[in-house]
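Beneath this line is the structure, given in structure tokens, with notes to follow.
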Amino acid sequence: MPSSTLFTDAMMLNSAGDGVYDGELNEHWTIGEKVHGGAMLALCANAARTEHAVGAPPTRWAHARSAGDVGGDVQPIAISGNFLWAPDPGPMRVHTSVLKRGRRVSLIDVELRQRDRVAVRASVTLGEPEHHVPPLLSVNPVIPLMQPEPPPGLEPIGPGHRMADIVHLAHGCDIRPSLTTMEPRSDGGPPVIEYWVRPKGVAPDVLFALLCGDVSAPVTFGVNRFGWAPTVQLTAYLRALPADGWLRVLCTTVQIGQDWFDEDHIVVDCEGHIVVQSRQLAMVPPTQ
């Protein structure tokens, strides 16, 4: 039977006891043949949030259950993941270890494993994110560049799209890249890639926003380097809970070396709030 394309189904975990959770690396949340790095990071965040809720005081746990959110107000506000190898779609197991359970900040280590081999090792900081109050200072580069909804005529990835055979995420989310921003710039400037994204069938949540911190094609497209650019390390910050609507994603870089490059994402919701910031270190694809 084909697996569900819903993002919420792809994030489901079943407790195996002692901080261990079983789940599935969903075939639809892949890039090419390999599981999307942002999806695996979101699974690690979900396992940490779930384990934190299990050990929370009864009053907090009751509130979380009534709110329909296993974490209540506590969310993965920062996650730093190291990618050791690229697993295949299929069964996986997540091991969690609570290092600190504090009143405002908790820390949980997570290992995502397949066939007893660690694929992702993450450190997850849990706390209460901002509640859409005006910041003391904000430098949001997305607002002047990208409107809240995709421009008319911007094609979603799907049948006939040039990225459809690679970006299988389009089975579960409406993803609309501005292809013109992926091409090398005529003025020689740095690549700036724009995306509009939202999940199909559900509203964007914290985990989906974290996935969007790794949603862009590699910035190496801007220097004519295509192909698989494996992420080695990725750190993401959850700044606020996303509003229901499109998420705007701006992807930039500081330096593309001969072997390594950095890639930054800023994810902004339809109300203009920065919800996720991320930075990753990845490997430059070889010359084709």
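The values are calculated or read from the model by the stated rules, or taken from the named source; none is laboratory data. Keep in mind the model is a prediction, meaning the values are calculated, not measured. Glycine gets a Cβ as well: all are built from the backbone with ideal geometry, and neighbour counts include every protein chain shown. Note: areas computed on protein heavy atoms with side chains; ligands, DNA, RNA excluded. Shrake-Rupley method; radii C 1.70, N 1.55, O 1.52, S 1.80 Å.
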Test item: Cα-centred dipole of segment 200-288, Lys/Arg +1 and Asp/Glu -1 on Cβ, debye: 120 debye
Neighbours of residue 229 by Cβ distance under 13 Å: Lys/Arg at +1, Asp/Glu at -1, summed charge -2
Between helix 37-54 and the chain, what is the angle of the helix's C-alpha long axis to the longest principal axis, kept within 0 to 90° and rounded to the nearest 10? 20 degrees
Among 136, 182, 151, the residue whose Cα sits farthest towards the positive end of the charge dipole of segment 120-191, when +1 is placed on the Cβ of each Lys and Arg and -1 on the Cβ of each Asp and Glu, is 182
Going residue by residue through segment 99-105, the Karplus relation 6.51 cos²θ - 1.76 cosθ + 1.60 with θ = phi - 60° gives ³J(HN,Hα) values, rounded to whole Hz and with x marking Gly or Pro, of 8, 8, 10, x, 6, 10, 9
Given H placed 1.01 Å from N in the peptide plane, which residues other than close sequence neighbours of residue 174 have an amide H under 5 Å from its amide H? 198, 200
Applying the gyration tensor rule to the Cα atoms of segment 75-174 (axes a ≥ b ≥ c; rounded if a/c under 1.5, else prolate if a/b exceeds b/c, else oblate), the class is oblate
In debye to the nearest 20, how big a dipole does segment 86-200 give about its Cα centre with +1 on each Lys and Arg Cβ and -1 on each Asp and Glu Cβ? 660 debye
222 nm [θ] for the chain, helices only, -39500 (n - 2.57) per DSSP H run of 4+, per residue, to 500? -4000 deg cm²/dmol
Would you please give the residues with an amide H less than 5 Å from that of residue 25, counting only those at least 5 places away or on a separate chain, with H modeled from the backbone geometry? 90, 92
Calc'd 3J(HN,Hα), segment 161-170, phi into Karplus 6.51 cos²θ - 1.76 cosθ + 1.60 (θ = phi - 60°), Hz, glycine/Pro = x, comes to 6, 5, 9, 5, 6, 10, 8, 6, 4, 5
Estimated inter-spin distance, residue 139 and residue 288, nm [label 7 Å along Cα→Cβ]: 3.5 nm
Calculate, axis by axis, the spread of Cα positions in segment 136-258 along the three principal axes, and write the results as whole Å, longest axis first. 43, 38, 32
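Tell me the net charge near residue 107. Cut-off is 10 Å between Cβ atoms, residue 107 excluded, with +1 for each Lys or Arg and -1 for each Asp or Glu.
Taking every other residue near residue 107 into account, the sum is +1.
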Cβ neighbours within 10 Å, averaged per peptide: list 89-99, 127-137 in order, most packed at the top. 89-99, 127-137
Approximate spin-label separation residue 226-residue 8, in nm, with each point projected 7 Å along Cα-to-Cβ: 3.8 nm
Select from 112, 234, 13 the residue whose mean-square fluctuation is largest in a Gaussian network model of the chain (Cα-Cα springs shorter than 10 Å). 13
Can you tell me the accessible area per residue over the chain, all protein chains present, probe 1.4 angstrom, in square angstrom? 48 Å²
Set Lys and Arg Cβ to +1 and Asp and Glu Cβ to -1, take the dipole of the chain about its Cα centre, and tell me which of 30, 238, 286 lies farthest positive. 238
Sorted on mean Cβ neighbours within 10 Å (highest first), peptides 196-206, 140-150, 179-189 come out as 196-206, 140-150, 179-189
So how strong a dipole does the chain carry about its Cα centre when Lys and Arg Cβ are +1 and Asp and Glu Cβ are -1, to the nearest 20 debye? 560 debye
Taking r as the C-beta separation of residue 183 and residue 262 and R0 as 22 Å, the FRET efficiency to the nearest 0.05 is 0.60
Note on the chain: C-alpha Rg/Rh, Kirkwood Rh, two decimals, gives 0.95
